[in-house]
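Shown next, in structure tokens, is the structure this report addresses.
The values are calculated or read from the model by the stated rules, or taken from the named source; none is laboratory data. Fair warning: this is a prediction, and the values are worked out from it, not measured in the lab. FYI the Cβ positions are ideal-geometry reconstructions off the backbone, even for glycines, and counts take in every protein chain you see. We work out accessible area using only protein heavy atoms, side chains counted, and drop any ligands, DNA or RNA first. Shrake-Rupley method; radii C 1.70, N 1.55, O 1.52, S 1.80 Å.
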Amino acid sequence: IVGMLFENLGNVDLRFHSSGIFLWFALGCVSVLSVEKTQNSKLRIPNLKLKIPIMILFSALFLFIFSYFSLKPLIAEVYFRKGVEYRNRKTWTKAINMYKKTIQFNRGHLKAYYRLAFAYARVGKIEEAFRVYYQLSKLAPDYADIHYNLAKLYTSTKNYKKAAEKLKIAVKMNPYND
């Protein structure tokens, strides 16, 4: 554990929390346990019978909270990659389930929303595809491909007026897209 803490202390991957916080917490716990100041300003070894269980409890709680928030993005990414594998195999229902789990763990995973909407459209759940694309358009309003895909969906439902509106928005946002 100590090796992992020192390795991640200088980590530059900003998607995940650094374990530096945990390292300094652990060092603080060790220093509190090892030295105690008396009234005469002399240092002595403290009575550890009472402090160790309390420190273990706080350390366990801190470790649980820290790991929960650190692992959520990793778990979301695992589900997303499984969804991509199922998509590549054209197993759309399983891909949909994996993309939903990705979004449960990371509500800001834009690729998961995008691919979920696409998968819904592939299995014929057009209303669900519309719902997810509109959710995504709130999260990423300047993403032209959302409007392009909405135009395609409106065309498939023979709503040509809405399709034209969405296509105009997509072209306005990204005039150089093929």
Modelling each spin label as a point 7 Å along the Cα-to-Cβ direction, I'd like the residue 60/residue 94 distance in nm, to one decimal. 3.8
26 Å Cα-Cα threshold exceeded, pairs from 138/172; 111/168; 100/138; 72/162; 101/172: 72/162; 101/172
Result for the stretch 135-178: accessible area per residue, probe 1.4 angstrom, in square angstrom, of 72
Can you work out the Karplus-derived ³J(HN,Hα) for every residue in the stretch 54-71? Use 6.51 cos²θ - 1.76 cosθ + 1.60 with θ = phi - 60°, whole Hz, and x for glycine or proline. 5, 5, 5, 4, 5, 5, 5, 5, 4, 4, 4, 5, 4, 5, 4, 6, 7, 8
Evaluated at 20 °C and 1.002 mPa s, the Stokes-Einstein D of the stretch 73-178 based on the Kirkwood radius over Cα pairs, in µm²/s, stands at 153
